[in-house]
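FYI, it's all coordinate maths here, none of it is from the lab. What you are looking at is a predicted structure, and each value in this text was computed from that prediction instead of being measured. For neighbour counting, all protein chains shown are included, and Cβ atoms are generated from backbone atoms with ideal geometry for every residue, glycine included.
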Amino acid sequence: DLLGTLEEILPNLQKDVSVWIMTKDSALPSVHTLLDKIEAASEDPVPVDRRSANNLKSSVLYIFTSGTTGLPKAAVISHMQVLKGAAGLWAFGATAEDIIYITLPLYHSAASLLGIGGCIELGATCVLRKKFSASQFWNDCRKYNVTVIQYIGELCRYLCSQPVKEGEKNHKVRLAVGNGVRNDVWREFLDRFGAVKICEFYGATEGNICFMNHTGKIGSVGRTNFFYKLFFPFDLIKYDFQKDEPVRNKHGWCEKVKKGEAGLLISKVNAKNPFFGYAGNKRHTEKKLLCDVFKKGDLYFNTGDLMVQDQENFLYFWDRIGDTFRWKGENVATTEVSDAIVMLDFIQEANVYGVSVPAHEGKAGMASLILKENTTLDLEKMYKQVVTYLPSYACPLFLRVQETMEMTGTFKQQKFRLVDEGFDPSTITDPLYFLDSSKQAYVLLTKEVHERILSGQMKL
């Protein structure tokens with residue numbers, strides 16, 4: 001599917017970059033094929049001497065993730081992480097007799113590690129669909145006698161947004177495993193589709209902490225206790241949103257939040273719970289670590305996520321920090337989006353952030369633009385630029401053209417006011433534009449268009 005795109009970028013790749021594709025042959029001379037090698041490989045077990053240097057902490061693969069800030073990075077995945085991820089379905093009660101339906105893209109760690117890995121670990125049957133279809137989802141579940149499904153928050157919302165039909169509870173699905181489902185969608189999902197146990201969890205691809213909701217408490221990602229923290233030490237600490245860093249007291253130590261308050265989730269890094277970091281530039285790994293948090297020499301992984309712990313020790317995801325927001329179940333790195341936009345010859349500066357849209361999980365991308373002197377905004381070029389260089393979920397849905405860019409005292413782009421103002425043309429005097437997917441173009445965001453977006457008539 002991506003051969004055309006691959007052919008375009010091949011001349012720009014570094015000489016030491018190898019490209020492999022899942023085919024038996026290729027018309028591109030510099031590309032390696034994989035299926036023919038797999039078919040030619042022996043079915044005998046790999047000799048012990050070939051893997052004698054490997055252990056649980058050895059790297060097995062890389063998964064690209066946007067993390068909490070900056071450009072996408074190659075997270076190092078160890079054998080230990082693969083085994084832990086594969087045990088997720090088992091931990092929620094799946095067995096070898098289950099039939100597991102996976103519609104998520106396999107570059108997503110939930111699909112590859114938890115889904116495919118879990119099927120292999122259990123010896124369960126996997127029903128793999130190339131692309132998610134809300135209209136065919138339950139038909140597939142009935143056709144293949146599916147008993148376990150995987151989801152992200154948006155997937156459940158898409159299913160609930162489908163027209164109500166007779167017999168929606170006529171299926172064999174008993175478990176739904178995933179993360180990011182909104183409270184109202186969670187309730188509607190159960191009401192419409194029957195006695196399905198929602199198994200909500202929390203975890204980051206590169207992280208060393210995970211929570212699992214075994215009780216079905218709506219909105220929670222799991223519950224902690226003394227014994228859990230003994231084996232997987234973590235804390236929620238105060239965070240300064242203006243300075244974009246954890247709060248430290250006069251002694252230089254971080255401070256824990258009280259129950260009921262939102263705090264930055266950090267997890268202790270030690271021999272039992274290592275952080276393997278990212279391939280390549282070591283600074284990417286170092287930026288995810290917090291040193292001297294509560295005492296000299298301690299080390300914690302900064303998840304970049306804000307959470308709340310209630311009086312009963314249930315944990316709830318609150319928001320993400322930094323320059324990343326979540327849309328369509330994916331993390332969007334604002335630096336990646338702004339870098340693509342400023343390549344245009346009429347753009348001086350681009351400030352990218354996420355804005356809330358009613359009835360949608362996460363935040364939709366919005367870009368505040370400063371045009372170069374004596375230039376005008378070319379909407380056709382803007383549209384072509386973002387759809388060419390960005391994945392669909394990262395393309396800004398809204399544009400705002402400003403005269404000047406508000407900066408912080410440390411010369412960083414100010415986002416807080418822009419986020420609060422959103423995309424309402426009745427309160428914003430700057431020109432606003434909306435990415436209309438039906439027209440494949442940016443169009444003027446009028447009050448009428450704004451109302452249609454809020455009412456759900458415009459597809460996002």
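Annotations
- Between I9 and R142, the modelled label-to-label distance comes to 4.1 nm, taking each label 7 Å out from Cα in the direction of the beta carbon.
- Under conditions of 4 °C and 1.567 mPa s, the stretch 324-455 yields 87 µm² s⁻¹ as its translational diffusion coefficient, taking Rh as the Kirkwood radius over Cα pairs in the Stokes-Einstein equation.
- Using θ = phi - 60° and Karplus 6.51 cos²θ - 1.76 cosθ + 1.60, couplings along the stretch 265-280 (whole Hz; Gly, Pro as x): 7, 10, 10, 5, 9, 8, 4, 7, 10, x, 10, 8, x, 10, 6, x
- Label separation (F346 vs V419): 3.0 nm, computed from points 7 Å beyond Cα along the C-beta direction.
- D (Stokes-Einstein, µm²/s), Kirkwood Cα radius, the stretch 150-285, 1.002 mPa s at 20 °C: 120 µm²/s
- Net charge in the neighbourhood of K24 (other residues with Cβ under 11 Å of its Cβ; Lys, Arg +1, Asp, Glu -1) is -2.
- Contour minus Cα-Cα distance for N270 and M458 (0.36 nm per residue): 62.8 nm
- Electrostatic tally near D345: other residues with Cβ closer than 10 Å to its Cβ, Lys and Arg +1, Asp and Glu -1, net +1.
- Sites A96 and L128 - FRET efficiency at Förster radius 25 Å, r taken between beta-carbons, to 0.05: 0.90
- Unit charges at the beta carbon, dipole of the stretch 80-322: most positive-side option, H108, T147, G194: H108
- Modelled label reach - S42, point 7 Å along Cα→Cβ, the stretch 52-66 residues with backbone N closer than 19 Å: 52-54
- Annotation: amide H of H214 within the under-5 Å range of R223, sequence separation 5 or more or interchain, hydrogens built in the peptide plane.
- Phi to ³J(HN,Hα) by Karplus 6.51 cos²θ - 1.76 cosθ + 1.60 over the stretch 453-460, Hz, x for Gly, Pro: 5, 5, 7, x, 6, 9, 6, 9
- Relative contact order %, the stretch 324-455, counting alpha carbon pairs below 8 Å whose residues are six or more apart: 22 percent
- Under 5 Å from the amide H of L445 lie the amide H atoms of L432, Y433, F434, each residue being 5 or more positions distant or on a separate chain, with H modelled from the backbone and absent for Pro and chain starts.
- The stretch 25-111, relative contact order [Cα under 8 Å, separation at least 6], %: 17 percent
- Net dipole in debye of the chain [+1 Lys, Arg Cβ; -1 Asp, Glu Cβ; about Cα centre; nearest 20]: 1300 debye
- Cβ crowding within 10 Å, taken as a proxy for footprinting-reagent exposure, orders E349, E8, E451 from fewest neighbours to most as E8, E451, E349.
- Cβ-defined net charge surrounding H284, 12 Å radius [Lys, Arg +1; Asp, Glu -1]: +3
- Check: the stretch 210-366 dipole with +1 on Lys, Arg Cβ and -1 on Asp, Glu Cβ, in debye: 820 debye
- Semi-axis lengths, largest first, of the ellipsoid equivalent to the chain are 34, 29, 27 Å, with √(5λ) applied to each eigenvalue of the Cα gyration tensor.
- Extended-chain gain in nm, criterion 0.36 nm per residue less alpha-carbon gap, E373 and Q402: 9.2 nm
- Under the Karplus curve 6.51 cos²θ - 1.76 cosθ + 1.60, θ = phi - 60°, whole-Hz ³J(HN,Hα) for the stretch 349-358, x wherever Gly or Pro sits: 8, 9, 10, 9, 7, x, 10, 6, 10, x
- Remark on V19: its backbone amide H falls under 5 Å from those of H32, a criterion applied only to residues 5 or more positions apart or on other chains, H modelled at 1.01 Å from N.
- A dipole drawn for the chain from +1 and -1 charges on Cβ atoms has a positive end, and of F314, H450, V387 the residue lying farthest that way is F314.
- Gain on full stretching of the segment that runs from D184 to D310 - 0.36 nm per residue minus C-alpha separation: 43.4 nm
- Sorted fewest first by neighbouring Cβ atoms within 10 angstrom, Y101, Y151, Y62 come out as Y62, Y101, Y151.
- In plain terms, the residue of H251, H32, H360 with the fewest other Cβ atoms within 10 Å comes first and the most crowded comes last, giving H251, H32, H360.
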